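Peer 1: Please read through the structure below; I'll follow up with questions.
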Amino acid sequence: MDTEREQLAASAVLGCDPIDVETISETIRRALRLGSGRPDPAELAAAQEELKGHLALLIPLARREARRLRRRGDETQARELAARLDGTEHRAAQELRPDVLAAHVQIGHLTRDCQYLLATHTAADWR
């Protein structure tokens, strides 16, 4: 996560996109693999922290895109994106559940949220 913070700081200075698509994609792949067998609570906690870090980078870009959509007159699409982001932020703010199965489901939701935002970011090129 220090690498992401460094990238974010560098991007602020250089005015470029702080998103490391490959790193986020690898985190998503690892989190999806946690579905095989009974995941270790420590692995789930580590995945949650990584996903939350990626979401912290992706959500502001998506919020900016929602504002741009609203200005362009795409009110429905802007509201749908904003609602999705509200749910994502809510899930990311939650503590990891103590029950392993519930925690696993929680990580699945965060993984899909991250996957959606990354795919949308790369497809739409939110810069």
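Peer 1: Using mean Cβ contacts within 10 Å as the protection proxy, how do 20-30, 109-119 order, highest first?
Peer 2: Top of the packing list down: 109-119, 20-30.
Peer 1: Quick check: pseudo-label points 7 Å beyond the Cα along Cα→Cβ at Asp86 and Leu32, how many nm apart are they?
Peer 2: Here the modelled spin labels are 2.9 nm apart.
Peer 1: Mind ranking 39-51, 85-97 by how tightly packed they are, going by the mean number of other C-beta atoms within 10 angstrom, highest first?
Peer 2: 39-51, 85-97
Peer 1: Same structure again: Summing Lys, Arg as +1 and Asp, Glu as -1, what charge do residues with Cβ under 14 Å from the Cβ of Gly87 carry, Gly87 excluded?
Peer 2: Net charge in that neighbourhood comes out at +1.
Peer 1: With r defined as the distance between the Cβ atoms of Glu75 and Arg112 and R0 fixed at 30 Å, what FRET efficiency is calculated, to the nearest 0.05? Write out the running numbers ahead of the final one.
Peer 2: Numbers: r = 25 Å, r/R0 = 0.84.
Once the sixth-power term is evaluated, E becomes 0.75.
Laboratory data are not the source of any read-out in this text; all were calculated from the coordinates shown. Everything numeric here is computed off the predicted structure, so don't read it as measured data. Virtual Cβ from ideal backbone geometry, glycine too; neighbours counted across all protein chains shown.
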